[in-house]
Amino acid sequence: ISWTPIKEFKEILFTQFGGIAKISINRPQVHNAFTPLTVQEMIDAMRICQDRTDIGVIILTGEGGRAFCSGGDQSVRGHGGYVGEDTVPRLNVLELQKIIRSIPKPVIAMVAGWAIGGGHVLHVVCDLSIAADNARFGQTGPNVGSFDGGFGASYLARVVGQKKAREIWFLCDQYDAQEALDMGLVNKVVPLDKLEETTVAWCHKILQKSPLSLRMLKSSFNAELDGQAGIQELAGNATLLYYLSDEAKEGRNAYMEKRQPDFSKFPKFP
Ligand code: 2NE
C-alpha cells in the first residue's frame, strides 16, 4: 500500500491512500505516548479529514508495530495537565476524543501492540477497532495517579458492560487481543503482518457505502448516548439533508427574490 503524505507534522504521520486517511502517532521510542503537540497535530489532521470531501474513512494508529499508544507522556505531565513548549498544562486529548466521536466519517483504530491508558481510551472512542495478535489493552490511571471519567469510563462501560469496565479500571490488568475480542472491545483480530491489509480492506468496503447513510448512522449511534450534544449532531445532519431538498430551496429562493414562498406543491408525507 502506497501512502501519500497529506501534511508534514512533527509527532504524527498524516497520509492518504485513495479515500482513506491515516493518522499515525510517530513516537515509537515511548510506545507512542502523546504530548500536547502530538494531540494538537492529531486534532489538526482530523479537521483536515473532516473538511476534505475526497476522504471517507480515517485510520488512527501508531508507528512501529509495538504500540498503538501508551497514553499521556508522563515525562511532560506537570501541574494540572501535560505541558508543551508554551508551558501551559493541557488535557487536550479530551478534545480529540470528542472530535473522533463527532467527525461524520468512520474512524477505525488499527491497533498493534500496546493500547494503554489514554491510548486505550483513544481506541475505545473510535467507531471500529481492528487488533493485531500482539495487541494488549488496559487502563493504568489508578497506578499512575490519573483517570478518565468521561468517555474513558462511561463509553467503555457501554462497549464492554459495567462490570467489565469497572474491572478494567479498578484492577489495571492487561488483556490480550483474544480477550479483547471476547469482551466486544475490538471488532477483529488478525496476524500482525495482515493488520494494515485487513484494515484497508474494511475501509474499502466502507467507501463503497452511501456516505450520507454512514454519516446519519454515526450520529444516530452517538445521539442515544450523548444527550443534547448528540441530538444536535443528528439534527445538524437532518438540516443538511433538508437543505438538499427543493422544498428548503423554495424558502431560500423566496427570501432572496423578496416574494412569499410557495410550499403548496410539496407533499405532506404520511
Ligand atoms: C505500555 C507499557 C506497559 C509497556 O511496557 P514495556 O515494558 O513493554 O515497555 P517500557 O520499557 O515500559 O517502555 C519503553 C519506553 O517507553 C517509555 C518507557 O518509559 C520506556 O522508556 P525508556 O525507559 O526506554 O527510556 N514509555 C512508555 N509509556 C510511556 C508513557 N506513557 N509516558 C512516557 N514514557 C513512556 C509501559 O510502558 C507502561 O505502563 N507505560 C505507561 C502507561 C501509562 O501509564 N500511561 C499514562 C496513563 S494516564 C493517561 O494516559 C491519561 C489519562 O488517564 C487521562 C487524561 C489524559 C491521559
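Just so you know, all these numbers are worked out from the coordinates, no wet-lab data involved. In this text the structure is predicted, and so the values were computed from the model without any measurement. Neighbour counts are summed over all protein chains in view; Cβ atoms, including those assigned to glycine, are modelled from backbone coordinates with ideal geometry.
Here segment 255-270 is scanned for amide nitrogen atoms under 14 Å from the site 7 Å beyond the Cα of S213 along Cα-to-Cβ, giving none. A straight chain from E63 to L94 at 0.36 nm per residue would run longer than the Cα-Cα distance by 9.0 nm. For A67, the residues whose modelled amide H falls within less than 5 Å of its own, excluding neighbours fewer than 5 places apart on the same chain, are W114. Were the residues from D51 through S245 laid out at 0.36 nm apart, the gain over their Cα-Cα distance would be 67.6 nm.
Across segment 154-164, computed HN-Hα scalar couplings (Karplus, 6.51 cos²θ - 1.76 cosθ + 1.60, θ = phi - 60°) run 6, 6, 4, 5, 5, 7, 10, x, 5, 4, 5 Hz from first to last residue, x flagging Gly and Pro.
Remark: the Cα gyration tensor places the chain in the prolate category, a/c being 1.5 or greater and a/b exceeding b/c. The calculated FRET efficiency for T87 paired with Q260, based on their beta-carbon distance and R0 = 51 Å, is about 0.30.
Placing a label point 7 Å from the Cα of D173 along the Cα-to-Cβ line, the residues of segment 100-133 whose backbone N sits under 18 Å from it are 115-117. Distance between the pseudo-spin-label points of E8 and K268 (7 Å out from Cα toward the beta carbon): 6.3 nm.
Within segment 172-270, the chymotrypsin sites (Phe, Trp or Tyr not before Pro) that combine a DSSP coil assignment with at most 15 other C-beta atoms in a 10 angstrom radius are F263.
Find, among the trypsin sites (Lys or Arg not before Pro) in segment 27-101, those assigned to loop by DSSP (not H, G, I, E, B) with at most 16 other beta-carbon atoms within 10 angstrom. Numbers along the way, then the final one.
Details: sites: R47, R52, R66, R77, R90, K98, R101; in loops: R52, R66.
When the trypsin sites (Lys or Arg not before Pro) of segment 27-101 are filtered for loop state and at most 16 Cβ neighbours within 10 Å, R52, R66 remain.
Y82 sits among other residues whose Cβ lies under 10 Å from its own Cβ, and their net charge, with Lys and Arg +1 and Asp and Glu -1, is +1.
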